[in-house]
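The values are calculated or read from the model by the stated rules, or taken from the named source; none is laboratory data. Keep in mind the model is a prediction, meaning the values are calculated, not measured. Virtual Cβ from ideal backbone geometry, glycine too; neighbours counted across all protein chains shown. These area figures cover heavy atoms from the full protein model, side chains too; ligands, DNA and RNA do not enter into them. Shrake-Rupley method; radii C 1.70, N 1.55, O 1.52, S 1.80 Å.
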Amino acid sequence: IEVNQTWEDVVLSSDTLEQILSLVHRVRHARRVYDDWGFGGKIARGRGTAGLFSGPPGTGKTMVAGLIARELDLELYQVDLSKVVSKWVGETEKQLAKLFDAAEAGHALLLFDEADSLFAKRTEVKSSNDRYANLEVNYLLQRIEAFGGISLLTTNLDTSIDPALRRRLAAHITFYPPDLTERAGLWEQFLTVKAPKSASYDFESLAHDFPDMTGANIRNAVISAAFLA
């Protein structure tokens, strides 16, 4: 995936931005902590970094994943679930094995969008389908832990993610809907382009009048307005 945005396009709370920055630093300083300081001997399996981004649609989860990849000078590969998940027993695991092997060899950042469809909670086995679904999740948990690279997962339903995955995460960052100040900032950011416009806007009024709009909603509204104009 090619990333066109910059960090200046990100409008998030300071707490969320600090957590994102900590995740980037964790990757950058891995060699010093694990090798130079000897903490690598305390880790049972892989030294990879896995992060979960959860929150409502349109709050910037996928965009931030792309910015992290560019910040770390890595290529971003979004997993195409339609090419990975198979109805045939064992095929999903084979495809995932190829995926992780290629990402590790190519130093790519793996993005699992809508991760709840792959990493759903394991259930009580009542049928063969339940058993095979649980086997897939078990395999994924093992590969995430053994993976030496970076994998980021996004979800709108973090309660559906298997609890065992949470123990393997370097970070779980929640993306909240923008508050009044953040919405005003988003309106201002999207409207400060080269298009002809009136001399002034009341960004706070826009933010107040449309309290349920996320960044993606505001972007779509501004672009629609441009085409109407």
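Looking at the chain, identify the longest residue range that excludes and avoids all chymotrypsin sites (Phe, Trp or Tyr not before Pro) in DSSP loops having at most 15 other Cβ atoms within 10 Å. Display every interim value, and only then the final one.
Working: sites that count: Trp37, Trp88, Tyr201.
Formally, the longest exposed-site-free interval is 89-200.
Quick one: dipole size for the chain, taken about the Cα centre, charges +1 on Lys/Arg Cβ and -1 on Asp/Glu Cβ, in debye to the nearest 20.
On the way: 25 positive and 31 negative charges, 181 e Å.
For this selection, approximately 860 debye.
Which one of Ala164, Ala65, Ala115 has the biggest mean-square fluctuation once the chain is modelled by GNM with Cα springs under 10 Å?
It is Ala164.
Give the angle, between 0 and 90 degrees and rounded to the nearest 10, that separates the Cα long axis of helix 128-146 from the longest principal axis of the Cα atoms of the chain.
80
Nearest 10 degrees is fine. How inclined is helix 61-71 to the longest principal axis of the chain, computing both from alpha carbons?
The answer is roughly 80 degrees.
What do you get for the angle between helix 180-191 and the principal long axis of the chain? Use alpha-carbon atoms, 0 to 90 degrees, nearest ten.
Result, in degrees: 80.
How high is the relative contact order of the chain? Use alpha-carbon pairs under 8 Å, at least six apart in sequence, and give a whole percent. Kindly include the intermediate steps, with their values, before the conclusion.
On the way: 297 pairs, mean separation 66.8, N = 229.
Relative contact order for the chain comes out at 29 percent.
Sequence-distant or interchain residues sharing an amide H contact under 5 Å with Ile150, placed H: which?
Sorted by chain and number, the residues that satisfy this are Thr49, Leu110.
Could you give each residue of the range 18-32 its phi-based ³J(HN,Hα) in whole Hz, using Karplus coefficients 6.51, -1.76, 1.60 with θ = phi - 60°, and x for Gly or Pro?
In residue order, the calculated couplings are 5, 5, 5, 5, 4, 5, 4, 5, 4, 6, 5, 9, 4, 4, 5 Hz.
Within the accessible area of the range 1-70, what % is carbon and sulfur when the probe is 1.4 Å and the other protein chains stay in place?
On the way: 2050 of 4080 Å².
Solvent-exposed carbon and sulfur of the range 1-70 make up 50 percent of the total.
Short version: ³J(HN,Hα) in whole Hz for each residue of the range 212-229, in order, from phi by Karplus 6.51 cos²θ - 1.76 cosθ + 1.60 (θ = phi - 60°), x for Gly and Pro, what are they?
9, 7, 8, x, 5, 5, 5, 4, 5, 5, 5, 5, 4, 4, 4, 5, 5, 5
Solvent-accessible area of Ile223, probe 1.4 Å, all protein chains present, reported in Å² to the nearest ten, please.
Result for Ile223: roughly 80 Å² accessible.
Taking the Cα centre of the chain as the origin and placing charges on Cβ (Lys, Arg +1; Asp, Glu -1), which of Tyr139, Pro57, Leu180 is farthest toward the positive end of the dipole?
Value computed over the given set: Tyr139.
Please list, in chain and number order, the residues 5+ apart from Phe175 or on another chain whose amide H is under 5 Å from its amide H, with Hs placed from the backbone.
Ser54, Gly55
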